[in-house]
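Peer 1: To start, I am sharing the structure in question, which I have written as structure tokens.
The values are calculated or read from the model by the stated rules, or taken from the named source; none is laboratory data. A quick note: this is a predicted structure, and the numbers were derived from the prediction, not measured. Cβ placement follows ideal geometry from the backbone for every residue including glycine, while neighbour counts extend to all protein chains displayed. Note: areas computed on protein heavy atoms with side chains; ligands, DNA, RNA excluded. Shrake-Rupley method; radii C 1.70, N 1.55, O 1.52, S 1.80 Å.
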Amino acid sequence: MKRVVMLLIIAAITSCNKFLEEEPSGSLNLTHYYKTPEQVSAAVNGTYEGLATPFVVNIGVSVSPVYSLEYITGYSRRPRPSGFEDDQFLRLDRLDDANSRLQGWWNATYYSVENCNSVIERVSVTTLVDEVTKQRYLGQAYFLRAWYYFQAVRLFGDIPLKLVTTKDLNDVRIRRSSKEAVYEQIVKDLVAAENSGLPWTDQSGHISLGAVKSLLAKVYITMAGYPLRKGNPYYQKAYDKAMEVIDSHQFSLFEQYSDLRNPAVQNTREHIFMLQRHPTVAVSNIHGAYLPYPDQPVSIQPAYGGAMAPVKAFYDSYNDSDGRKQEQAFFYTKYARYGNPAETIFFPAPYIFKFWDADAEKTGRSGANFPLIRYADVLLLCAEAKSNIDGGVTSDATAIDAYYAVRHRAFPAEAKPVTLTTDDILKERYWELCFEFQAWYDMMRTRKAFDVERGNMTSLIGYKAPNHLRAFAESDLQFPLPLAEVQKNPDLAL
């Protein structure tokens with residue numbers, strides 16, 4: 001079922017008699033590409049590569065930009081000692097424009113957008129594939145361009161909106177567009193993807209109609225909140241789009257939490273959209289990154305890991321009877337020694353088990369896919385949107401059913417509630433989607449934080465998270481543009 005995303009490789013060929021002619025080393029030449037159906041397919045697959053970029057950059061598990069999205073919330077800690085805590089936003093003590101994590105996120109967006117623009121331009125006019133295939137290829141490129149811009153606009157705010165390929169150096173000197181304009185383009189791209197004939201599901205891991213509609217729900221609920229604050233009309237759009245996913249009956253929650261990491265059911269049921277990985281050609285670092293550290297030999301790689309673990313206050317915020325808190329559900333506090341299963345190793349604190357890869361435990365190389373959109377997320381978005389429409393408290397049966405589907409899996413004996421508050425639903429999102437790199441985006445769009453020590457939602461501004469040196473300020477909620485990018489393109493400063 002798994003598909004390994006192919007890299008789009010574009011080769012520029014020069015003849016001997018032009019050897020001494022100067023040309024920009026970074027320019028692209030597409031003259032010899034898009035010549036066969038196989039090249040067109042490879043180009044489309046190449047647009048997926050940017051999904052993995054934030055997860056794997058350079059060396060060391062904690063330098064991957066994606067971890068900064070959990071560090072900055074203050075609900076995680078890094079067991080492995082490091083001298084780079086400030087750069088990782090781990091202690092919320094440094095958010096300056098020279099931070100290398102910012103460049104990682106920028107590259108993950110704009111290199112990927114360039115590939116999407118290339119596919120959209122070239123596939124739109126190709127005659128190498130049939131019309132149905134062409135439209136589905138375009139749908140995937142539109143979805144991914146929307147994904148990358150949605151990623152960037154939430155992190156950086158006003159950003160350049162580039163919808164054509166770079167054909168000469170003048171094309172890179174563009175100014176930032178307003179957040180509103182970027183969101184309008186995101187919606188436009190997703191609507192185009194929605195109408196491209198994609199199937200509701202795709203077990204190969206390619207983008208499906210379910211993924212498109214789910215992302216639209218997430219975009220609309222974000223537009224309803226901060227920073228655009230479009231309010232109820234967009235909460236309604238989010239609710240309607242989430243209901244389309246629910247009413248399709250194409251998706252369902254797994255009965256057991258262990259199925260979230262079962263390789264046999266990846267890209268099915270609850271997994272609406274996943275980052276595709278492979279143990280040899282597209283390795284995932286998640287299993288190794290979350291291993292207990294130091295010297296806790298529970299895997300063939302005992303000396304590595306320690307990138308992230310829950311702070312005690314967040315772990316303690318789960319009710320003791322919550323199924324997600326049970327041993328080897330989302331967390332674990334002990335495990336059999338690797339090579340000697342009769343001996344149990346007890347950890348000094350809880351670690352994350354949610355993404356454990358049983359194969360990597362033995363081989364040291366993880367090919368486990370990582371969830372990017374789960375059905376549980378869509379169900380909770382549905383409930384949250386309706387509760388906001390109803391003024392912060394809802395008795396709507398559909399919204400309650402959506403929330404209860406997620407809650408009931410965690411608390412099988414708990415009765416269905418009669419009413420729900422928005423804060424109830426937001427807390428459930430923290431517990432259900434923990435360490436899936438969702439919490440920071442929720443915090444920014446709602447301007448609320450989960451005060452895990454008191455068990456209630458509170459204003460994000462002024463809240464000091466458990467692992468932070470200080471309280472959140474307004475200036476923390478938008479990343480500065482990378483200094484290197486502003487130096488290369490001064491128009492970004494305008």
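Peer 1: Could you check the range 445-487 and list, in sequence order, the residues that are without any contact (Cβ under 8 Å) to a residue 12 or more places away in the chain and not in a loop (DSSP other than H, G, I, E, B)?
Peer 2: Hits for the range 445-487 are THR458, GLN487.
Peer 1: Taking helices (runs of 4 or more DSSP H) that do not extend beyond the range 106-224, which have at least 2 residues that are in the same structural domain as ASP476 (by the TED database) and open to solvent by less than 10 Å² (accessible area, probe 1.4 Å)? First the steps, then the outcome.
Peer 2: Numbers: elements: 131-156, 179-194, 209-224.
The qualifying helices (runs of 4 or more DSSP H) are 131-156, 179-194.
Peer 1: Do you know which residues across the range 434-444 are among the aliphatic types (A, V, I, L, M) and either touching a Leu at 6+ places or on another chain (Cβ under 6 Å) or outside any helix (DSSP H, G or I) (or both)? Give the steps one after another, and end with the answer.
Peer 2: Narrowing the range 434-444 to residues among the aliphatic types (A, V, I, L, M): 439, 443-444.
Of everything in the range 434-444, those that are among the aliphatic types (A, V, I, L, M) and either touching a Leu at 6+ places or on another chain (Cβ under 6 Å) or outside any helix (DSSP H, G or I) (or both) turn out to be MET443, MET444.
Peer 1: A further question on this structure: For residues that are over 23 Å from THR222 (Cβ atoms) and charged (D, E, K, R), scanning just the range 449-469, find the one that is least open to solvent (accessible area, probe 1.4 Å).
Peer 2: Top of the filtered list is LYS464.
Peer 1: So, one more: Would you confirm whether or not the range 233-243 contains a residue that is part of a loop (DSSP other than H, G, I, E, B), open to solvent by 30 Å² or more (accessible area, probe 1.4 Å) and modelled with pLDDT of 95 or more?
Peer 2: Initially, the range 233-243 is screened for residues part of a loop (DSSP other than H, G, I, E, B), giving none.
No, the range 233-243 contains no residue that is part of a loop (DSSP other than H, G, I, E, B), open to solvent by 30 Å² or more (accessible area, probe 1.4 Å) and modelled with pLDDT of 95 or more.
Peer 1: Next question. Condition first: among the hydroxyl-bearing types (Ser, Thr, Tyr) and surrounded by 19 or more Cβ atoms within 10 Å (Cβ to Cβ). Now tell me which residues in the range 428-448 satisfy that. Lay out the reasoning, then the answer.
Peer 2: Of the range 428-448, the ones among the hydroxyl-bearing types (Ser, Thr, Tyr) are 430, 441, 446.
The answer is TYR430, THR446.
Peer 1: A further question on this structure: In the range 254-288, how many residues are more than 24 Å from LYS213 (Cα to Cα), touching a strand residue (DSSP E or B) at 6+ places or on another chain (Cβ under 9 Å) and part of a helix (DSSP H, G or I)?
Peer 2: So the answer is 3.
Peer 1: I need the full set of residues from the range 464-479 which are touching a helix residue (DSSP H, G or I) at 6+ places or on another chain (Cβ under 9 Å) and hydroxyl-bearing (Ser, Thr, Tyr), in order please.
Peer 2: none
Peer 1: Please state which one of THR14, THR31, THR73, THR36 is open to solvent by 40 Å² or more (accessible area, probe 1.4 Å) and either modelled with pLDDT of 90 or more or within 24 Å of ILE159 (Cα to Cα) (or both). Step through it out loud before you land on a result.
Peer 2: Details: THR14 fails: either modelled with pLDDT of 90 or more or within 24 Å of ILE159 (Cα to Cα) (or both); THR31 fails: either modelled with pLDDT of 90 or more or within 24 Å of ILE159 (Cα to Cα) (or both); THR73 fails: open to solvent by 40 Å² or more (accessible area, probe 1.4 Å).
When all the criteria are applied, what remains is THR36.
Peer 1: Please work out which residue is farthest from LEU253 (Cα to Cα), limiting yourself to the range 383-407 and to residues that are of a type in the set (A, V, I, L, M, F, W, C) and surrounded by fewer than 16 Cβ atoms within 10 Å (Cβ to Cβ). Give the derivation first.
Peer 2: Going through the range 383-407, the residues of a type in the set (A, V, I, L, M, F, W, C) turn out to be 383, 385, 389, 393, 397, 399-400, 402, 405-406.
Add one more test, that the residue is surrounded by fewer than 16 Cβ atoms within 10 Å (Cβ to Cβ), and what stays is 393, 397.
On the way: VAL393: 25, ALA397: 19 Å.
So, considering only residues that are of a type in the set (A, V, I, L, M, F, W, C) and surrounded by fewer than 16 Cβ atoms within 10 Å (Cβ to Cβ), the one farthest from LEU253 (Cα to Cα) is VAL393.
Peer 1: May I ask you to verify whether ALA289 is buried (at least 23 other Cβ atoms within 10 Å of the Cβ) and not basic (Lys, Arg)? Don't jump to the end; show me each part of the working.
Peer 2: Values: buried (at least 23 other Cβ atoms within 10 Å of the Cβ): yes; not basic (Lys, Arg): yes.
Yes.
Peer 1: Among the residues of the range 268-278, are any touching a residue at least 40 places away in the same chain (Cβ under 8 Å), of a type outside the set (Lys, Arg), loosely packed, with under 15 Cβ neighbours inside 10 Å and not assigned by the TED database to the domain that holds VAL56? Before you say what the answer is, go through the steps one by one.
Peer 2: Here is the first cut: in the range 268-278, the residues touching a residue at least 40 places away in the same chain (Cβ under 8 Å) are 268-278.
Still in the list and also of a type outside the set (Lys, Arg): 268, 270-276, 278.
With the extra rule that they be loosely packed, with under 15 Cβ neighbours inside 10 Å, the set shrinks to none.
Taking every residue of the range 268-278 in turn, none turns out to be touching a residue at least 40 places away in the same chain (Cβ under 8 Å), of a type outside the set (Lys, Arg), loosely packed, with under 15 Cβ neighbours inside 10 Å and not assigned by the TED database to the domain that holds VAL56.
Peer 1: Let me ask you something else. Looking at (1) modelled with pLDDT of 95 or more; (2) surrounded by fewer than 22 Cβ atoms within 10 Å (Cβ to Cβ), which one does PHE472 not meet, given that it meets all the others?
Peer 2: (2)
Peer 1: Taking into account only those residues within the range 311-343 that are touching a Lys or Arg at 6+ places or on another chain (Cβ under 9 Å), within 11 Å of TRP431 (Cβ to Cβ) and not small (Gly, Ala, Ser), which is surrounded by the fewest Cβ atoms within 10 Å (Cβ to Cβ)?
Peer 2: Checking each candidate, the answer is ASN319.
Peer 1: Now for a different question. Filtering the range 88-105 down to residues that are without any contact (Cβ under 8 Å) to a residue 40 or more places away in the chain and open to solvent by 30 Å² or more (accessible area, probe 1.4 Å), which residue is farthest from LYS312 (Cα to Cα)?
Peer 2: SER100
Peer 1: Which one of these does PHE314 not meet: (1) under 18 Å from TRP356 (Cβ atoms); (2) at pLDDT 90 or above; (3) not β-branched (Val, Ile, Thr)?
Peer 2: (1)
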